[in-house]
Each structure stands twice: as structure tokens, then as C-alpha cells.
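First comes the structure, then the notes that go with it.
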Amino acid sequence: ISSILHSFEKTHSTFNNNNNLIGLCLTLSRLKKNYKYCVLELGMSKKKELKTLSELSSPNIILVTNISSSHIGNFKSEEEIALEKSNIFFGLTKNGKIVLNADDKWFYYLKTKAFSYTNNIVSFGTKDGSEMRIKKILTTENATTIKINDFNLNLKSLPKHYAINIAGILLVMKSLNLNLNNILNKINNFQPTQGRGNSFEICIKKNEYARIIDDSYNANPASMKVALENIYEIKKRKPNINVVLVIGDMLELGKNTEAFHKKLIKKIQLIKPRCLITIGKHSRIIAKKLKKCFACESFDNIDQFKNNFFFIIQHQDVILIKGSNGIGLFKFTQQLYNNIFCRS
């Protein structure tokens, strides 16, 4: 949203993941008077956070992308997470607007809560009645084509799960009365940011290379599911490629931790990777279950993994790297990317 708004007027936005109380205050303290727009990410990992953040922000437009099991270890249920997320509406300004994902299973729950703050509620998604409706998604080897309302987009570098986010972006732009035709080309050329699906090549040895799909910034059950589905789509289109999965533990899932990790087993079996690598005690469960199906390697921590990484990967491997930030995979892929001797 912020990158598109930059095309119209001066825009300030959250830096990196400065989305908690300290991060929000730092972001607002840097906001200059002559800026037209300010885009803030409000994050939560425990109760009573979003109400305070929303009150400080006083937003004119609120966008909720989805509700998932992220940080469920700090909550009793996903419904409790949905309730906490609804507190983001608390600081909405008079005549403000709430933008919701109609495809999310908590949509009607959030919509009911939103009516306590405003009647100005709009939605995006594939469902009939959405103000910004996804009518078609077609994935090919070179691009993802999507039709949203009457807009045709050809995403050159983004997988299909970005379609729902783009529909939300377009609805925010429409709510600001901006000309949507002026931004279609910019959306078509969107690139995933580092750690959120970008890819790059590394040199293993002379004339031998592997491709990294870097989704290492963070992980929860919903984002892990999407990442595995994306690599499965790649494997379907190119069945001869050798896929290596590097899966780090998903953290802050509480009593549900083992169950959420076990849910990944069937998806990984469908991918049939050349090798599965796990880091951490929770994801080790997956490797233990699948070691008879294909090669599996398990490491207790990131240091053990780093010491063995280049002994495991092979020429022309496609390597998906994903795990919770606390595991350390994001720092590892940054080191790979920044190493000019590795990167092609």
C-alpha cells in the first residue's frame, strides 16, 4: 500500500516490523507534517495490544488481511485471536472506513464487531458481493494472471496467494478516490521483499548453482501452508526439478505446537522433495515421520544447520527456506544473499 501511495503523494510508513508499542511510537515520531499519507502496521502477540495501538494511530481506514493461528500460544483459541484483532477498530476516526477480507472464515465475526464503530464497511475477495472481487486467477510458468472487478493484472514475480492482498490494496486505493488505472503497471511489477518469497541463485562450487526461495522472515501454520502449496505448484509444472525443503520450527503455538507441525506432513509428502531439512525440536517430528520416504536431515539449532548446509545441497536444487524468526533462518538467508562470492 505504501509503495503505491508513494506514486501519488509523500507517504510515510512502518519501517521493517516496528509494529508494537515502541515501534509505532518511533514511526509516528518520524512522521513529517508535509506528508499526505501514513501507512501503519499494527501487530499483536498478546491480549490488549491492538486497542492501545489503534487509539494512538487514530486511523481513517483500517484493513484487516486475515485471522490465523499465529501466536495462538498466548491465546485460548482462534476466536480469542479474532476478538483481539477486532480491537483494531477502537481508534477509528469519525466517518472512517473498515476494509475486510470476505474470504476469511472470521469475516462475519469481524463485520459484526465493526458495526459497533461504523456502517462504512467494505470487503474484498472471491465472494459475491465483495466491492473488490477476484473473478479469475490463472497461474502459468511465467506469471500469475488475475482479474479483479474489471482490472486485468499480470503478476510477473508474485505467486497466486498475493491476489487476495492486491484486491485489498485496490480497495484501499478506491476508498482514497485514487485513479486505479494509474497503478496497475506498478502492481504488475511488484517483487516479493527479502524473506517473504524473493528468490536468488547461490554458487555452490565452480559452475554449480542452486536457487533459494527465501520465505524465511517468519512462519505460522497459515503462511507455512501457503509456502508449501506454492512449491508444490512449481513442482507440478516442472516435475524433474529437485526440491529441498528447509523447515524451521513454528513458534508461539502453545499446546497446539505438535499438532500444527504434524499437519505439514501430508503437504510435504505431495511435494516429494529430494531432501527435507528441519531445524528445531518441533519440526524434527516431521523428519522422523518421513525419513522412510526420502532423505531427511534434522538439526537442533541454526549453527548446526549452517555448518552442514553446503554439504547437503546439490547443483540445480530449488531450496525453500521457511521458519519462525526465532530460529534464525532469516539472518542465514540474508548472509547468503549478501555474500557476493555466493550470489550469482
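Just for the chain, what percent of DSSP beta bridges are antiparallel, to the closest 5? Provide the component values of the computation, followed by the final result.
Values: 18 of 51 bridges.
Percent antiparallel among DSSP bridges in the chain is about 35.
Cα gyration tensor of region 9-142, axes a ≥ b ≥ c as square roots of the eigenvalues: rounded (a/c below 1.5), prolate (a/b > b/c) or oblate?
Cα axes put region 9-142 in the rounded bin.
Rounded to the nearest 500 deg cm²/dmol, what is the calculated helix-only ellipticity per residue at 222 nm for the chain, with -39500 (n - 2.57) per DSSP H run of length n ≥ 4?
-9500 deg cm²/dmol
Where does region 8-51 land on the Kirkwood hydrodynamic radius, alpha-carbon pairs, in angstrom? Can you show the working numbers first?
Values: mean 1/r = 0.0898 Å⁻¹.
Every distinct Cα pair counted, the radius reaches 11.1 Å.
In sequence order, what are the phi-derived ³J(HN,Hα) couplings for region 44-54 according to the Karplus relation 6.51 cos²θ - 1.76 cosθ + 1.60 with θ = phi - 60°, rounded to whole Hz, with x for glycine and proline?
Computed from phi, the couplings for region 44-54 are 9, 10, 8, 5, 6, 7, 5, 4, 5, 5, 5 Hz.
Give me the net charge for the shell around Asn301: Cβ to Cβ below 15 angstrom, other residues only, Lys and Arg +1, Asp and Glu -1.
0
How big is the charge dipole of the chain about its Cα centre, in debye rounded to the nearest 20, if each Lys and Arg gets +1 on its Cβ and each Asp and Glu gets -1 on its Cβ?
Magnitude of the dipole: close to 420 debye.
Report in % the part of the accessible area of the chain that belongs to carbon and sulfur, leaving out ligands and nucleic acids; probe 1.4 Å.
Answer for the chain is 47 percent, counting heavy atoms of protein chains only.
When you have a sec, figure out the Kirkwood radius of region 193-256 from all distinct Cα pair distances and drop it here in Å to one decimal?
13.5
Out of every Cα-Cα pair in region 107-209, what percent are more than 22 Å apart?
Tail of the P(r) past 22 Å holds 43 percent of the pairs.
Search the structure for amide H atoms under 5 Å from the amide H of Leu158, placed 1.01 Å from N in the peptide plane, and list their residues when 5 or more places away or on another chain.
Thr144
Using +1 at the C-beta of Lys and Arg and -1 at the C-beta of Asp and Glu, which of Leu155, Asn207, Gly280 has the Cα lying farthest in the positive direction of the dipole of the chain?
Asn207
Specify, per residue and in Å³, the volume enclosed by the convex hull of the alpha carbon atoms belonging to region 1-87.
Convex hull volume per residue, Cα atoms: 97 Å³.
Using modelled amide H (1.01 Å from N, peptide plane; none on Pro or chain starts), what sits under 5 Å from the amide H of Glu297, excluding residues fewer than 5 places away?
Placed amide hydrogens put Leu276, Ile277, Thr278 under 5 Å from Glu297.
Could you tell me how many degrees, from 0 to 90 and to the nearest 10, lie between the Cα long axis of helix 302-312 and the main elongation axis, the longest principal axis, of the Cα atoms of the chain?
50
Cα centroid distance between region 122-170 and region 176-237, in Å?
Between the Cα centre of region 122-170 and that of region 176-237, the gap is 16 Å.
How fast does region 63-142 diffuse by Stokes-Einstein, in µm²/s, taking the Kirkwood radius from C-alpha pairs at 25 °C and 0.890 mPa s?
Estimated via Stokes-Einstein, D reaches 177 µm²/s.
With axes computed from alpha carbons, what is the tilt in degrees of helix 162-175 against the longest principal axis of the chain, rounded to the nearest 10 within 0 to 90?
Approximately 20 degrees, to the nearest ten.
Ile121: accessible area at probe 1.4 Å, nearest 10 Å²?
The value for Ile121 is about 20 Å².
Report, by chain and number, residues whose modeled amide H sits under 5 Å from the one on Cys38, excluding near sequence neighbours (fewer than 5 apart, same chain).
The answer is His12.
Considering the options Gly43, Asn17, Thr93, tell which one lies farthest towards the positive end of the dipole of region 1-146, charges being +1 on Lys and Arg and -1 on Asp and Glu at the Cβ, about the Cα centre.
Farthest towards the positive pole: Thr93.
On average, how much accessible surface per residue is there in region 56-105, in Å², for a 1.4 Å probe, leaving out ligands, DNA and RNA?
44
Residue by residue through region 231-247, which ³J(HN,Hα) values in whole Hz follow from phi under the Karplus form 6.51 cos²θ - 1.76 cosθ + 1.60 (θ = phi - 60°), with glycine and proline marked x?
5, 5, 5, 4, 5, 5, 6, 10, x, 8, 6, 9, 9, 10, 9, 10, 10
Roughly how many Å is it from the Cα centre of region 1-65 to that of region 72-121, as a whole number?
Taking the Cα centre of each part, region 1-65 and region 72-121 sit 17 Å apart.
Stick to Cα atoms and the Kirkwood definition of Rh, then tell me Rg/Rh for the chain.
0.97
Per residue of region 12-28, what does 6.51 cos²θ - 1.76 cosθ + 1.60 with θ = phi - 60° give for ³J(HN,Hα)? Whole Hz please, x for Gly and Pro, Karplus curve as stated.
9, 8, 4, 8, 6, 10, 6, 10, 9, 4, 5, x, 5, 5, 4, 4, 5
Restricting things to alpha carbons, tell me how big region 173-294 is in terms of Rg and Dmax, in Å.
17.7, 57
Give the accessible surface of region 130-201 per residue, rounded to a whole number of Å², with probe radius 1.4 Å and ligands, DNA and RNA excluded.
49
The values are calculated or read from the model by the stated rules, or taken from the named source; none is laboratory data. Being a predicted model, the structure only gives us computed values, none of them experimental. A quick note on method: Cβ atoms are made from the backbone with ideal geometry, for glycine too, and the neighbour counts reach across all protein chains shown. Surface accessibility is based on the protein's heavy atoms, side chains included, excluding ligands, DNA and RNA. Shrake-Rupley method; radii C 1.70, N 1.55, O 1.52, S 1.80 Å.
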